[in-house]
1. By per-residue mean of other Cβ atoms within 10 Å, what is the highest-first order of 32-43, 94-105, 63-74?
2. How far apart, in nm, are two points set 7 Å out from the Cα along the Cα-to-Cβ line at residue 23 and at residue 112?
3. Using all C-alpha to C-alpha distances in the range 23-122, build P(r) with 5 Å bins and read off the rounded percent in each one.
4. Evaluate the relative contact order of the range 23-122 (contact order divided by residue number), counting alpha-carbon pairs under 8 angstrom at least 6 apart; express in whole percent.
5. For labels at residue 97 and residue 49 in the simple 7 Å Cα→Cβ model, what's the distance in nm?
6. Based on alpha-carbon positions alone, could you give the equivalent ellipsoid semi-axes of the range 72-123 from the gyration tensor, as √(5λ), descending, whole Å?
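Derivation of every value follows stated rules applied to the coordinates shown; laboratory data play no part. Here the structure is a predicted model, which is why all the values come from computation and not from measurement. Don't worry about glycine lacking a Cβ; one is built from the backbone with ideal geometry, like all the others, and counts go over all protein chains shown.
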């Protein structure tokens with residue numbers, strides 16, 4: 001008895017490879033979390049006024065209370081390590097726009113040059 005196999009041309013479950021967020025992007029995200037926290041605090045916008053918590057902004061609570069909920073809602077990803085490079089930009093744009101509308105505070109995302117300068121100052 002001879003057995004033959006037919007190979008299907010259809011490939012199932014292939015997902016195009018996306019470029020995952022870079023380490024410099026991650027560092028820039030965390031710098032932006034800090035900068036936004038400082039700008040909101042300086043403008044008198046404590047968390048209670050923005051999202052109903054009566055505490056000052058920190059890098060951690062910007063990430064957990066602003067960034068992560070948008071990240072999960074938009075892309076279904078819990079960790080920033082799962083983000084594609086373009087998704088970082090999209091999340092930033094959403095948060096920066098909404099915070100700007102509500103508070104008048106807008107913080108530009110750190111540039112590559114700013115990140116390199118910060119690294120130079122740490123050495």
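1. 32-43, 63-74, 94-105
2. According to this spin-label approximation, the distance is 1.6 nm.
3. Pair shares across the bins are 2, 13, 24, 25, 19, 12, 4, 0.
4. Relative contact order of the range 23-122: 34 percent.
5. 2.4 nm
6. They are 23, 18, 8 Å, listed from largest to smallest.
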